[in-house]
Amino acid sequence: MEHFNAASAEALEQTLLSCLRSPRWSRRVAEHRPYPDLNSLLAAADEAAYDLTWPDLTEALAAESLPPLPPDTYSAAHTALSAAHAAYEARFGHVFVICLEGVPQGECLDHILEGIRSRLTNDPEEERMVVADELRRLARERLVGILRGAGL
């Protein structure tokens, strides 16, 4: 936490943008330093994510990519996943996002496909709420990863 709290605002905002591509979110998290511990930082990151508007979330979604598949995934699975993603994007107008934290690598494909299938039944407003929560969870997971791996 010491390195996170001591980083320059500009450097920290760039790092935070790698967690969630929302300038509003990254500024807000950076501006509320210092954080006494990781739990305080994560609570602030969650609160900043809850306050994002749909245009903020759309901006963040534009920078998201599809979840990676394990390298040994069969080509038929790639085809099925591509078709499911295309159906999702046609329905909602943006990329499908899902946080895979805690999902064993061998179960990721099934988890992603099940997520798309179940979420395709959502109405657009319901899906916006799910997307907001998935982006918040992704940002949180990435932030923890950066703190553990990069010495921030």
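The values are calculated or read from the model by the stated rules, or taken from the named source; none is laboratory data. Predicted model only: the values in this text are computed from it and were never measured. Counting neighbours? That spans all protein chains shown, and the Cβs are built from the backbone with ideal geometry, glycine included. With ligands, DNA and RNA removed, areas are computed over all heavy atoms of the protein, side chains included. Shrake-Rupley method; radii C 1.70, N 1.55, O 1.52, S 1.80 Å.
For the chain, the solvent-accessible area of protein heavy atoms averages 54 Å² per residue (probe radius 1.4 Å; ligands and nucleic acids excluded). Mean residue ellipticity at 222 nm, helices only, the chain: -21000 deg cm²/dmol; runs of at least 4 DSSP H residues each add -39,500 (n - 2.57), and the sum is divided by the number of residues. A straight chain from E10 to V130 at 0.36 nm per residue would run longer than the Cα-Cα distance by 40.2 nm.
Per residue, the convex hull spanned by the Cα atoms of the range 100-152 amounts to 72 cubic angstrom.
Peptides 8-14, 43-49, 112-118, ordered by how many other C-beta atoms sit within 10 Å of their residues on average, highest first, read 43-49, 112-118, 8-14. Placing a pseudo-label 7 Å from each Cα along the Cα-to-Cβ vector at Y50 and A83 gives an inter-label distance of 4.1 nm. These residues, W54, W25, go from largest to smallest accessible area, 1.4 Å probe, as W54, W25.
If you add up the charges near L135, with Lys and Arg at +1 and Asp and Glu at -1, over every other residue whose beta carbon is less than 10 angstrom from its beta carbon, what do you get?
Net charge in that neighbourhood comes out at 0.
Taking R119, R27, R137 and ordering them by how much accessible surface each has at a 1.4 Å probe, largest first, produces R27, R137, R119. What a 1.4 Å probe finds exposed on the range 13-62 is 50% carbon and sulfur by accessible area, rounded to a whole percent. Helices of the chain meeting both criteria, an alpha-carbon length of 30 angstrom or more along the long axis and an average Kyte-Doolittle score not below -1.0, with helices taken as full DSSP H segments, are 124-149.
Using a probe radius of 1.4 angstrom, the carbon and sulfur fraction of the accessible surface of the range 101-148 is 49%.
Assuming charge only on the beta carbon of Lys and Arg (+1) and of Asp and Glu (-1), the dipole of the chain about its Cα centre is about 240 debye to the nearest 20. Label separation (E107 vs D37): 2.9 nm, computed from points 7 Å beyond Cα along the C-beta direction. In the range 84-140, a dipole from Cβ-located charges (positive for Lys and Arg, negative for Asp and Glu) runs towards its positive end, and of G106, H85, L138 it is L138 whose Cα lies farthest in that direction. Here volume of the Cα convex hull per residue in Å³ was calculated from the structure, and among (i) 144; (ii) 127; (iii) 110 it sits at label (iii).
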